[in-house]
Amino acid sequence: MFLYCGIACRRKFFWCYRPLSTYVTKTRYLFELKEDDDACKKAQQTGAFYLFHGLAPLLQTSAHQYLAPRHSLLELERLLGKFGQDAQRIEDSVLIGCSEQQEAWFALDLGLDSSFPISASLHKPEMETELKGSFIELRKALFQLNARDASMLSTAQALLRWHDAHQFCSRSGQPTKKNVAGSKRVCPSNNIIYYPQMAPVVITLVSDGTRCLLARQSSFPKGMYSALAGFCDIGESVEETIRREVAEEVGLEVESLQYCASQHWPFPSGSLMIACHATVKPGQTEIQVNLRELETAAWFSHDEVATALKRKGSYTQQQNGTFPFWLPPKLAISHQLIKEWVEKQTCSSLPA
Ligand SMILES: NC(=O)c1ccc[n+]([C@@H]2O[C@H](COP(=O)([O-])OP(=O)(O)OC[C@H]3O[C@@H](n4cnc5c(N)ncnc54)[C@H](O)[C@@H]3O)[C@@H](O)[C@H]2O)c1
Ligand SMILES: [Mg+2]
């Protein structure tokens, strides 16, 4: 698609015939849908809808993977009629993205109807039969989704949860009203605008130069270790959170912080994970685990971590009752962070 932009140059105004890239066109289209309710309603006509029930996405099974089916507006209207729900429910849907061809994607939770909570939940099994799928908790399904579906469903779940929890203005107590895209809610009595929020979390892979520090919370699956993670406190920079979290959780001081990558994470209720590497101060390697936060923490060698990264499959109890050491799956940013550390170590140990 060709779009033309007007550029003011000195006193002249001329048209520049530079076609906008597909990415820029898509970004601007999504921006327009968030700002313009009529444009967003129009986009629903040709759009596609991901369905949820009680924040669990509708999934279908295909060759050991889950797939997230999408439904057109027409199909959705038919389904809502069949489930005894009003077509007005579509107003509760939220915009979560669009294709390169500008097919807008929305998400709707069939079980989060504040007006009819009981009748909606009664229909769940019938809905699953009609939809030829199951509503499965995202926590259970996330790692069996492809990267695109995982990202779409994570965004959708976080946005649907935020709307469900922000039905009322915290100042006036009056019901708030969402815009069509669901990018904000407004209190009609005082015009306060509420925007969806997420909590920043840092995840840090601490190294002493040759080993890296991995830890377990008691809630982790047996045998799994990860990098240290913690929520940012109000007023903190990312660097300050890293220093505080490492000190709090394992009693060490770190320096030379290095950014790696970031990721939206849907748990517990929508976080921005910011992944970094850090090195302990010289001579500080004795771990003092804070047992209120962690079950255990330990230093691991390059070889131990590289072997664990290659492990695939399920992690069953061994004959001696222990579980093998394993790391979070590829989709988790902790995996990426640990993999990057292993690769850097491999490069630095190669002869020049
Ligand atoms: N994607 C990944 O690879 C990955 C890896 C590890 C952890 N994580 C995520 O990082 C998050 C934080 O890790 P953690 O549990 O060690 O954090 P943490 O060390 O900060 O401890 C959690 C505690 O922090 C407090 N807290 C402060 N602000 C909070 C907020 N906004 N929401 C919830 N609790 C808050 C609560 O008391 C909570 O019990 C977890 O939700 C976890 O799912 C993701
Ligand atoms: Mg923590």
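The values are calculated or read from the model by the stated rules, or taken from the named source; none is laboratory data. Here the structure is a predicted model, which means the values were calculated and not measured. Methodologically, a virtual Cβ is constructed for each residue, glycine included, from the backbone with ideal geometry; neighbour enumeration extends over all protein chains shown. The protein model used for the area step is the full one, side chains on, heavy atoms only, and it has no ligands, DNA or RNA in it. Shrake-Rupley method; radii C 1.70, N 1.55, O 1.52, S 1.80 Å.
The figures follow:
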{"read-out": "Criterion (under 30 Å from Thr155 (Cα atoms) and loosely packed, with under 12 Cβ neighbours inside 10 Å) met by exactly one of Pro329, Pro268", "value": "Pro268"}
{"read-out": "Matching residues, the range 213-235, being surrounded by fewer than 19 Cβ atoms within 10 Å (Cβ to Cβ), in contact (Cβ under 8 Å) with a residue 40 or more places away in the chain and within 10 Å of ligand 1 (Cβ to nearest atom)", "value": "Gln217, Phe220, Phe231"}
{"read-out": "Pairs, first farther than 21 Å from Thr279 by Cβ and away from ligand 1 (no atom under 13 Å from the Cβ) in the range 325-346, second open to solvent by less than 40 Å² (accessible area, probe 1.4 Å) and not in a helix (DSSP H, G or I), C-beta under 9 Å, six or more apart", "value": "Phe325/Leu214; Phe325/Gly223; Phe325/Met224; Phe325/Phe300; Trp326/Gly223; Trp326/Met224"}
{"read-out": "Residue under evaluation Glu249, criteria (1) acidic (Asp, Glu); (2) within 11 Å of ligand 1 (Cβ to nearest atom); (3) touching a helix residue (DSSP H, G or I) at 6+ places or on another chain (Cβ under 7 Å), criterion not met", "value": "(3)"}
{"read-out": "Those residues of the range 211-241 which are at pLDDT 95 or above, more than 12 Å from ligand 2 (Cβ to nearest atom) and in a strand (DSSP E or B), in sequence order", "value": "Arg211, Cys212, Leu213, Leu214"}
{"read-out": "Top-ranked residue of the range 264-291 - restricted to ones that are within 16 Å of ligand 2 (Cβ to nearest atom) and assigned to a strand (DSSP E or B), ranked as farthest from His163 (Cα to Cα)", "value": "Ala278"}
{"read-out": "Unique residue being modelled with pLDDT of 90 or more, outside any strand (DSSP E or B) and basic (Lys, Arg) when the list is Lys312, Lys344", "value": "Lys344"}
{"read-out": "Residue within the range 122-134 that is modelled with pLDDT of 90 or more, buried (at least 19 other Cβ atoms within 10 Å of the Cβ) and basic (Lys, Arg) present", "value": "no"}
{"read-out": "Some residue of the range 182-200 being more than 16 Å from ligand 2 (Cβ to nearest atom), part of a helix (DSSP H, G or I), open to solvent by 40 Å² or more (accessible area, probe 1.4 Å) and without any contact (Cβ under 8 Å) to a residue 60 or more places away in the chain", "value": "no"}
